[in-house]
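What follows draws every value from the coordinates through simple rules; no lab data is involved. What you see is a predicted model, and the numbers here were worked out from it, not measured in a lab. Note that we place each Cβ from the backbone using ideal geometry, even for glycine, and neighbour counts take in every protein chain shown.
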Amino acid sequence: MQTGAVTGNESGTSLGQAVNQKILGKDDFFKLLITELKYQDPLEPMKDREFIAQMASFSSLEQMQNMNKNFESFTNSLTALTDKLMSGSYMQQAISLIGKEVEFAGDDGTLSGRVESVVMENGIPKLVIGEQRVDLSGVLSIRIPPTKVEDTTATDNGTT
């Protein structure tokens, strides 16, 4: 007795959509397995080896999906950590500019001034220069301000 191809629509249209998109999940796998078992030739039922192989395929699919979820979670954690480290690095760079004179791109062209302090705005360090808050990316040049040198030479007033 010969049987034809499985023509039942037991698995629904979601399976057809998944095949078209080349994305099959475990639900689709179970639908295929149940449909195959339902329409198999009773005189030649599925052999144990075939069934075990299909279950092993399902197990592999489920493990790969779990690995994918874990990898996504790891990637998100790594991205968050990288963002925090970069923010800390930018903060260190900004702090190192306190007391230095900088030229920066302002609304009125190139401006300059001494960095008085650093503030954080939305996780981004800003240099406080007078009334302006300047992003590090706006800094064009940095100078160490000249220090005042006091005259320490002794005057000779005739005493020995």
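Residue under question is Ser59, and the condition is that it be in contact with a Phe, Trp or Tyr (Cβ under 8 Å, 6 or more places away or on another chain), hydroxyl-bearing (Ser, Thr, Tyr) and surrounded by 10 or more Cβ atoms within 10 Å (Cβ to Cβ); does it hold?
Here the answer is no, as Ser59 does not meet what is asked.
Within the stretch 94-114, is even one residue loosely packed, with under 10 Cβ neighbours inside 10 Å and in a helix (DSSP H, G or I)?
no
Could we say that Ser59 is in contact with a Pro (Cβ under 9 Å, 6 or more places away or on another chain), in a helix (DSSP H, G or I) and of a type in the set (Ser, Thr, Tyr) here?
When the stated conditions are applied, Ser59 does not pass them.
Looking only at the stretch 83-90, decide whether some residue is closer than 30 Å to Ile144 by Cβ and touching a residue at least 40 places away in the same chain (Cβ under 8 Å).
yes
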